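To start, the structure under review is shown below, and the notes come after it.
FYI, it's all coordinate maths here, none of it is from the lab. Predicted model, so just to flag it, every value in this text is computed and none were measured. Neighbour counts are summed over all protein chains in view; Cβ atoms, including those assigned to glycine, are modelled from backbone coordinates with ideal geometry.
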Amino acid sequence: MFSIVKVHESIVKGDVVTWSDVDQMFILATTQHAPLGVADEDARTLDNHDGFYAAVKYAGLTFAKASREIPISGGEMQIENGGVYVDNNANGHGIICPIPFDQTVKPAGELVLIHIR
């Protein structure tokens, strides 16, 4: 599930975003506050509209930027600085899927498969 929404101009594919009442747009998320989504593309302009926009996914499988190294096992998803990391005490809005069998841990900054609940 996704929709095209107004975002901060710095948003890039894989950034975790949340709504800001102050800015009246989606900005980088620093916690698991809802509504929570993941940018499916870089911020872009639209004809006849002010500001920047992006398709943002709110549920299901998508790729998000890792804010820390992600272990092979994956785990409960936590959010900081517009990215995700594993915190098995988080009990939050999703999980980080295990890393495929032919790959190693994912370093910070790479995209990892997550499931937003």
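Before moving on, here are some points about what is shown:
- Projecting label points 7 angstrom from Cα along Cα→Cβ for Leu61 and His115 puts them 0.9 nm apart.
- Ordered by the count of other Cβ atoms within 10 Å of each Cβ, fewest first, Arg68, Arg117, Arg44 give Arg117, Arg44, Arg68.
- Cα-projected label distance for Asn48 with Thr31, points at 7 Å along beta-carbon direction, nm: 4.0 nm
- Each of Thr31, Thr18, Thr104 has some number of other Cβ atoms within 10 Å of its Cβ, and from fewest to most they run Thr104, Thr31, Thr18.
- When only alpha carbons are used to place a centre, region 1-36 and region 49-96 end up 12 Å from one another.
- Considering every alpha-carbon pair of region 61-116, the percent of pairs per 10 Å bin, from zero through the bin containing the longest distance, is 29, 63, 8.
- Seen from every direction in turn and averaged, the convex hull around the alpha carbons of the chain projects onto 7.0 nm².
- Karplus (6.51, -1.76, 1.60) ³J(HN,Hα), θ = phi - 60°, over region 66-74, in Hz, Gly and Pro reported as x: 7, 8, 9, 4, 9, x, 3, 6, x
- Applying 1/(1 + (r/R0)^6) with r as the Cβ-Cβ distance of Ile4 and Glu69 and R0 = 30 angstrom yields a FRET efficiency of 0.40.
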